[in-house]
Amino acid sequence: MFLLQEDSLEDIINKTTLENPEAGGAVSFEGRVRNINKGKKVTLLEYQVYEEMAVLEGKKVVEEAFKLFPIKDAVCVHRYGQLKIGERAVWILVTSKHRKEAFKACQYIIDEVKNRVPLWKKEFYEDESEAWVECLGCKKGHHHLSP
Amino acid sequence: MKSIKIKYFSSLRDAAKKDQEILSIDSPKKASQIFDELNERYHFHLDKTYVKVAINETYRDWDTLLDGGETLVFIPPVAGG
């Protein structure tokens, strides 16, 4: 399941447990808004989204995780709109029989979301400037190794 | 005349100063040709190497021909997560 939402992720995180008696492992990841990027102090973030495509592409990513890894369940939720420092921008939960597959699938989902899902991030800085975060390295085959 | 819907996002939206527009074409055109024409008009600061193409919400090649009725989006480097 892949979802986009403007509201805080708190409720969905609290309500979604993916309970399954066959699942012995549950791995989650959350990406939070950081207050500094490339030495500049960030005060606010704004995610812009191409909603129709982001939903389709996000669902494809999660479906691929099911095909690649023997997992029981997976959910990924991404926010759009304005986010404050410390807020959760993305949340992933994966369950599997054993922990290894859940770790791998969770890593796959976040990497592919960052690489393919059409969402863009504008940072607003303390000095009142603003800029789109455009990772030109992604196009050259580099993948983000950290959130 | 046939038409293509172009949607703009991120820095391309800032450069075009609009969310979307309808482009009229009288013969099929490659996505790359359309980007070059729009780049001349709006002066996108991004090189084509860093941009991907989406047609009807699916990633496609720059050589894909559009002959009207499609939604075309040039995807600047994404930054989710």
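The values are calculated or read from the model by the stated rules, or taken from the named source; none is laboratory data. Nothing here was measured: the structure is a model prediction, and the numbers come from that model. Ideal geometry is used to build each Cβ from the backbone, glycine not excepted, and the neighbour counts take in all protein chains shown. Please note that ligands, DNA and RNA were not included when accessible areas were found on the heavy atoms of the full protein model with its side chains. Shrake-Rupley method; radii C 1.70, N 1.55, O 1.52, S 1.80 Å.
Looking at A:GLY58, A:GLY81, just one residue is at pLDDT 95 or above, open to solvent by less than 70 Å² (accessible area, probe 1.4 Å) and closer than 22 Å to A:ASN35 by Cβ, and that residue is A:GLY81.
Quick check on region B:7-37: of everything there that is touching a Ser or Thr at 6+ places or on another chain (Cβ under 6 Å) and open to solvent by 30 Å² or more (accessible area, probe 1.4 Å), which residue is farthest from the other protein chains (Cβ to nearest Cβ)? Here the answer is B:SER24. If you check B:ASP19, B:ASP63, B:ASP14 for being closer than 15 Å to A:TRP132 by Cα, modelled with pLDDT of 95 or more, of a type in the set (D, E, K, R) and more than 11 Å from the chain's Cα centre (by Cα), only one passes: B:ASP14. Filtering region A:88-118 to residues that are among the aliphatic types (A, V, I, L, M), more than 10 Å from chain B (Cβ to nearest Cβ) and part of a strand (DSSP E or B) leaves A:LEU93, A:VAL94. Looking only at region B:44-65, which residues are closer than 16 Å to B:SER11 by Cβ, in contact with a Phe, Trp or Tyr (Cβ under 9 Å, 6 or more places away or on another chain) and surrounded by fewer than 17 Cβ atoms within 10 Å (Cβ to Cβ)? Scanning region B:44-65 gives a single hit, B:LYS48. The set of residues in region A:35-55 that are at pLDDT below 95 and either assigned to a strand (DSSP E or B) or of a type in the set (D, E, K, R) (or both) comprises A:ILE36, A:ASN37, A:LYS38, A:LYS40.
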